[in-house]
Amino acid sequence: MLKKITPLLLLICALLCTINTKTQAQTNVIPDDIELAVLKNIYDSLGGTGWTSSTNWPASGSWPSTATSSQFGTWKGITVSYGDISSISLVNNNLTGVIPNSISRLVKLKTLALQKNSITGSIPAALGKNTALTNVLLDHNTLTGTIPAEFGNLTSLLQLTLHNNTLTGSIPSSLGNLISLDMLNVSYNQLSGTIPTSLGQ
């Protein structure tokens, strides 16, 4: 009996080691210097000096050359999970300016909550590369341009709120790919055309 059990135990141990190795490999996927650079882009592009609250963010003119995820994980609105930025939440914080394209480099980002600010410009199509996103909340801003068709790549998305902006164009049919979507609100914009049939499938 022992001879039969031993190979089974070895197999179980091997599987557990493999799972553990894969879990460890997903920790701190994005180098801290890249995440720090993106955070500086966000601060500069969205008027960081005028934010209502910027607790623990570096003061203007004294941005550090290096910082670890454990450090910027203490900054206002930034959540770090397993060594990478997983959430940016700066709701109603007097953000002005445009969302930088570099935000697409945060490939472990799950939540982007920038609603109730004064953000202008277009929504970066590059956000369509952030396939880990589950919540994109950009409502109550002054965003212009169209809804990026690339958002159809965000198949893990649960919430997409873009209402109360000045977006134009039509609703991309690619949003029909968002099979996990629980909430889609694009009201109070300047959209045209019909609702894609793909959204009802």
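The values are calculated or read from the model by the stated rules, or taken from the named source; none is laboratory data. Since the model is a prediction, treat every value here as computed from it, not as a measurement. Reconstructed Cβ throughout: ideal geometry from the backbone, glycine too, with neighbour counts over all protein chains shown. Note: areas computed on protein heavy atoms with side chains; ligands, DNA, RNA excluded. Shrake-Rupley method; radii C 1.70, N 1.55, O 1.52, S 1.80 Å.
Checked against the criterion of being in contact (Cβ under 8 Å) with a residue 12 or more places away in the chain, over 22 Å from VAL80 (Cβ atoms) and of a type in the set (Ser, Thr, Tyr), segment 123-140 contains not a single residue that satisfies it.
Residues of segment 146-159 that are in a loop (DSSP other than H, G, I, E, B) and either small (Gly, Ala, Ser) or farther than 20 Å from GLN190 by Cβ (or both): LEU154, THR155, SER156, LEU157, LEU158. Restricting attention to segment 140-199 and to residues that are β-branched (Val, Ile, Thr) and under 17 Å from the mean Cα position of the chain (by Cα), the residue that is nearest to LYS116 (Cα to Cα) turns out to be THR161. Of the residues making up segment 28-43, those that are touching a residue at least 24 places away in the same chain (Cβ under 8 Å) and either out of contact with any strand residue (DSSP E or B) (no Cβ under 9 Å at 6 or more places or on another chain) or among the charged types (D, E, K, R) (or both) are ASP32, ASP33, ILE34, GLU35, LEU36, ALA37, ASN41. Apart from one condition, LEU160 fits all of (1) in contact with a helix residue (DSSP H, G or I) (Cβ under 9 Å, 6 or more places away or on another chain); (2) of a type in the set (A, V, I, L, M, F, W, C); (3) at pLDDT below 95; the exception is (3). The set of residues from segment 36-49 being in a helix (DSSP H, G or I) and of a type in the set (A, V, I, L, M, F, W, C) comprises LEU36, ALA37, VAL38, LEU39, ILE42.
Checked against the criterion of being modelled with pLDDT under 95 and within 30 Å of ALA125 (Cβ to Cβ), the candidates TRP75, TRP63, TRP57, TRP51 yield just one match: TRP63. Residues that are open to solvent by 20 Å² or more (accessible area, probe 1.4 Å) and touching a helix residue (DSSP H, G or I) at 6+ places or on another chain (Cβ under 8 Å) within segment 146-157 comprise ALA149, GLU150, ASN153, THR155, listed in sequence order. Inspect segment 58-71 for any residue being closer than 18 Å to VAL29 by Cβ and within 11 Å of the chain's Cα centre (by Cα) and give the result as yes or no. Among the residues of segment 58-71, not one is closer than 18 Å to VAL29 by Cβ and within 11 Å of the chain's Cα centre (by Cα), which makes the answer no.
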